[in-house]
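K.L.:
Questions regarding the structure given below will be posed in turn.
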Amino acid sequence: MMAFQDNLSIAVDSIRAHKLRVALTILGLTMGVATLITVMTLVQGANLYVEQKIANLGTNVFRVARLPFAVADFTVITKALRNRYFYMDDFQAVADNCKSCQAVGATNNTTLSLRYKDRELEDVTFIGHSPSMAIIDTRTVLFGRYFTEPEDHHVTQVCLIGDRVRQEFFPDSDPLGKTIRVGSTEFLIIGAFERIGSVLGQDQDNFVIAPLRTYLKLRGQRNSLTVHVKAAGGDQVFQRAQDEVRRILRARRHVAPGKEDDFFIGTAESYITLWQSISSAFFAVFVMVSSISAVVGGIVIMNVMLVSVTERTKEIGVRRAVGATQNDVLRQFLTESVMQCLVGGAIGVVAGFACALALRTFTDFPAAVQTWVAILGVVLSSGIGLFFGIYPAMKASKLDPVTALRTE
């Protein structure tokens, strides 16, 4: 029985003797593994992205609205368009009657242009907040303060601005006390928020927040509000708060027992669950495509190994004549096959991680580079090498020594 070092040495010599053929052989496998690694890091990063950004409602916070927050079925949206609007009295009823709610807020938003002196900023999100959103909202006020209940009740034209607005209009000066024009109305800036960043390429800092009653006076009272609720405790209280809010709203909206709610409750968990169900479908498709590339690379390796067996028939006969067993020949060709796959897999892992790191470095997308993904890539390439190398190796090991020695 040959030592492993001898098998390895012969395999390395064989690979060195046919560099171009080996390079072309491992190219398909490299592309397959690189695609698989890239897809897996992107999906893992996307899941993390959703958890950090999209579903970042805050601790024990849920939202209620007439339309669904996240849904994959368009018919659900079509049906929901017939639901009644949420008005200020609905928001107030929840705030007054929910015993498990620490804070209840309401919001609405639209898109407008901003002006400051001779500068203009297009497509700015204009948001109306109830003062209680200061407790619920996860955004942090960097300069100044939030508006108060009296300012909201007196429909005061004050606002807080996002980091993008601050950088565009006041890059080198203090924005507090300055006046900007939101649409056709002037607002006094009383605060500015910390930078948030982008979500799926969309800037999250391009916004202005004003008191809700001020917003409704400008935009009209017939705007359906989104109610935000922060529960007063842990998971049990969180669920109880949802049940209380559901009961209050069903009673106000005259929803008969046994009928479905004519509103939707959105939690961080519901968003993440929906996203994972969507991403898993894409992930399965991408994995299938990248697996096909890997399998094609394995088939190429098998064909090249079969050609190698034919070319080295006399070498196999000589080795058998001097005492090499069938198992020795089998191990030699399997070693060559696995080595080529390991090289291709290693290059594919490096290429996949390089793509993920480049994405994470040059964008806000947190591509998750995890060790177990690299291990999976190496194991996959090794498995392909073994699977597609078995037939050529068995064919080589079963050659008759006398027939092989006669080969010219």
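K.L.:
How many angstrom separate the Cα center of region 274-335 from the Cα center of region 15-53?
P.N.:
Between the Cα centres of region 274-335 and region 15-53 lies a distance of 17 Å.
K.L.:
In addition: Karplus couplings for region 145-162 from phi (6.51 cos²θ - 1.76 cosθ + 1.60, θ = phi - 60°), rounded to Hz, Gly and Pro as x?
P.N.:
8, 8, 6, 9, 4, x, 5, 5, 5, 8, 6, 6, 8, 10, 7, 10, 10, x
K.L.:
Helix 19-49 sits at what angle to the longest principal axis of the chain, using alpha carbons and giving 0 to 90 degrees rounded to 10?
P.N.:
20 degrees
K.L.:
While we're here: State the extension gain, in nm to one decimal, for the chain segment bounded by Val155 and Arg247, taking 0.36 nm per residue of separation less the distance between their alpha-carbons. Write down the numbers at each step before the final one.
P.N.:
Numbers: separation 92, 0.36 × 92 = 33.12 nm, distance 3.11 nm.
Working it through step by step, the gained length comes to 30.0 nm.
K.L.:
Assuming a viscosity of 0.890 mPa s and a temperature of 25 °C, what translational diffusion coefficient in µm² per second does Stokes-Einstein assign to region 199-273, Rh being the Kirkwood radius over Cα pairs? Don't skip to the end; give the middle numbers.
P.N.:
On the way: Rh = 15.7 Å.
Rounded to a whole number, D works out at 157 µm²/s.
K.L.:
Another one. With N set to the residue count of region 322-382, report its C-alpha Rg divided by 2.2 N^0.38 Å to two decimal places.
P.N.:
Values: Rg = 17.5 Å, N = 61, 2.2 N^0.38 = 10.5 Å.
Dividing the Cα Rg of region 322-382 by 2.2 N^0.38 Å gives 1.67.
K.L.:
A further question on this structure: Which distance in nm do the two modelled labels at Met288 and Leu27 give, with both placed 7 Å along the Cα-to-Cβ direction?
P.N.:
2.7 nm
K.L.:
Normalising by the residue count of the chain, find the relative contact order in percent from Cα pairs under 8 Å and 6+ residues apart. Please report the intermediate quantities before stating the final value.
P.N.:
On the way: 710 pairs, mean separation 122.3, N = 408.
The value is 30 percent.
K.L.:
Mind checking which of Val245, Pro211, Gly197 is farthest towards the positive end of region 195-247's charge dipole, using Cβ charges of +1 (Lys, Arg) and -1 (Asp, Glu) about the Cα centre?
P.N.:
So the residue we want is Pro211.
K.L.:
Could you check the spin-label model distance between Lys99 and Tyr87? Points 7 Å from the Cα along Cα→Cβ, value in nm.
P.N.:
Output for this residue pair reads 2.9 nm.
K.L.:
Long-range amide H contacts for Gln102: which residues qualify at under 5 Å (H placed 1.01 Å from N, peptide plane, sequence gap of 5 or more or a different chain)?
P.N.:
Under 5 Å from the amide H of Gln102 lie the amide H atoms of Lys230, Ala231, Ala232, each far enough along the sequence or on another chain.
K.L.:
For Leu67 and Ala281, calculate 0.36 nm times their separation in residues minus their Cα-Cα distance, and state this gained length in nm to one decimal. Don't jump to the answer; show the numbers that get you there.
P.N.:
Working: separation 214, 0.36 × 214 = 77.04 nm, distance 2.48 nm.
Difference between extended and current length: 74.6 nm.
K.L.:
For the chain, what does the helix formula give at 222 nm: sum of -39500 (n - 2.57) over DSSP H segments with n ≥ 4, over the residue count, nearest 500 deg cm²/dmol? It would help to have the intermediate numbers written out before the result.
P.N.:
On the way: 14 runs with 227 residues, N = 408.
Helix contribution divided over all residues of the chain: -18500 deg cm²/dmol.
K.L.:
Which far-off residues, 5 or more places away or on another chain, put their amide H under 5 Å from the one on Leu142, with H placed in the peptide plane?
P.N.:
HN-HN under 5 Å from Leu142: Ala192, Phe193, Glu194.
K.L.:
Ignoring ligands, DNA and RNA, what percent of the accessible area of region 214-360 is carbon or sulfur (1.4 Å)? It would help to have the intermediate numbers written out before the result.
P.N.:
Details: 4700 of 7380 Å².
With neighbouring chains kept in place, the figure for region 214-360 is 64 percent.
K.L.:
Oh, and also: Among Leu24, Gly344, Tyr391, whose Cα projects farthest towards the positive end of the dipole of the chain, with charges put on the beta-carbon of Lys, Arg (+1) and Asp, Glu (-1)?
P.N.:
Tyr391
K.L.:
Over the chain, with the other protein chains present, what is the accessible area per residue in square angstrom, probe 1.4 angstrom? Intermediate results must be reported in sequence, preceding the final value.
P.N.:
On the way: 20740 Å² over 408 residues.
For the chain, the solvent-accessible area averages 51 Å² per residue.
K.L.:
List the relative contact order of region 157-250 as a percent without decimals, with contacts defined as Cα pairs under 8 Å and 6+ residues apart. Spell out each step's value before the answer.
P.N.:
On the way: 96 pairs, mean separation 27.5, N = 94.
Rounded, it is 29 percent for region 157-250.
K.L.:
Restricting attention to region 256-335, which GluC sites (Glu not before Pro) occupy a DSSP loop and are surrounded by at most 12 other Cβ atoms within 10 Å?
P.N.:
On the way: sites: Glu260, Glu269, Glu311, Glu315; in loops: Glu260.
Answer in residue order: Glu260.
K.L.:
OK, next. What percentages, rounded to whole numbers, describe P(r) for region 1-146 computed over all alpha carbon pairs with 10 Å bin width beginning at zero?
P.N.:
8, 18, 23, 15, 9, 8, 10, 7, 1
K.L.:
Over the C-alpha atoms of the chain, what are the Rg and the largest Cα-to-Cα span, Dmax, in Å?
P.N.:
Cα only, the chain: 32.3, 104 Å (Rg, Dmax).
K.L.:
Between Ala232 and Thr148, what is the spin-label point distance in nm, taking each point 7 Å from the Cα along the Cα→C-beta axis?
P.N.:
Rounded to a tenth, the inter-label distance reads 2.6 nm.
K.L.:
Also: Go through the cysteines of the chain and tell me which have no other cysteine Cβ under 4.7 Å away.
P.N.:
Cys159, Cys341, Cys355
K.L.:
Only four residue types carry charge here, +1 at the Cβ of Lys and Arg and -1 at the Cβ of Asp and Glu. Report the dipole size of region 95-196 about the Cα centre in Debye, rounded to the nearest 20. Please list the in-between numbers first.
P.N.:
Working: 11 positive and 15 negative charges, 18 e Å.
Magnitude of the dipole: close to 80 debye.
K.L.:
Helix 268-311: angle to the longest alpha-carbon principal axis of the chain, degrees 0 to 90, nearest 10?
P.N.:
Roughly 20 degrees, rounded to the nearest 10.
K.L.:
Based on the mean of other Cβ atoms within 10 Å per residue, sort peptides 137-143, 392-398 so the most packed one is first.
P.N.:
Details: 137-143: 15.0, 392-398: 19.3.
The peptides rank, most packed first, as 392-398, 137-143.
K.L.:
I've got another one for you. Compute the angle between helix 88-97 and the longest alpha-carbon principal axis of the chain, please, reported from 0 to 90 degrees and rounded to the nearest 10.
P.N.:
80 degrees
The values are calculated or read from the model by the stated rules, or taken from the named source; none is laboratory data. From a predicted model like this one, the values you see are computed outputs, not experimental measurements. Neighbour counts run over all protein chains shown; Cβ positions are idealised from the backbone, glycine included. The protein model used for the area step is the full one, side chains on, heavy atoms only, and it has no ligands, DNA or RNA in it. Shrake-Rupley method; radii C 1.70, N 1.55, O 1.52, S 1.80 Å.
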